[in-house]
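Worksheet: the structure to be examined is printed underneath.
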Amino acid sequence: MIGPIDYQAIMVATSFSPYEQLVLNALDKNASKVGAASGHDIRLALQAAGLSKREIGVTMGTMVDNGVLERLKVTDADGLFYMAYRRVTLGK
């Protein structure tokens, strides 16, 4: 018997460009318990993978514009804030 089909994995594997897949992988690797990762951590992972700052900015901006990612303003305990990203959940 074959186990359940992971449709989300199929969608991810077939509908995103290689750069977008790198963004999603970096986000998953650096995500907090609420599913958000700092933009800085994502950019560091993408630069390590060989993407330029321009390629990173264009790719992440397009993913936000297309509703794949959302930007969050996160305030830390000291009152400082940073930009974070998380996947947009279906049905939102």
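Describe numerically, in nm with one decimal, the distance between label points set 7 Å from Cα along Cα→Cβ at Lys73 and at Val58.
2.9
Phe81: accessible area at probe 1.4 Å, nearest 10 Å²?
130
Convert each backbone phi in the stretch 22-39 into a coupling constant with the Karplus relation 6.51 cos²θ - 1.76 cosθ + 1.60 (shift: θ = phi - 60°), then list the ³J(HN,Hα) values in order as whole Hz, x for Gly and Pro.
Per residue, the Karplus-derived 3J(HN,Hα) values read 4, 4, 5, 5, 5, 5, 4, 5, 9, 5, 7, 5, 8, x, 9, 10, 5, x Hz.
Would you tell me the accessible area of Thr89, worked out with a 1.4 angstrom probe on the heavy atoms of the protein chains, in Å² to the nearest 10?
90
The values are calculated or read from the model by the stated rules, or taken from the named source; none is laboratory data. From a predicted model like this one, the values you see are computed outputs, not experimental measurements. All Cβ positions, even for glycine, are placed from backbone atoms using ideal geometry, and neighbour counts span all protein chains on display. Heavy atoms of the whole protein, side chains included, go into the accessibility calculation; ligands, DNA and RNA do not. Shrake-Rupley method; radii C 1.70, N 1.55, O 1.52, S 1.80 Å.
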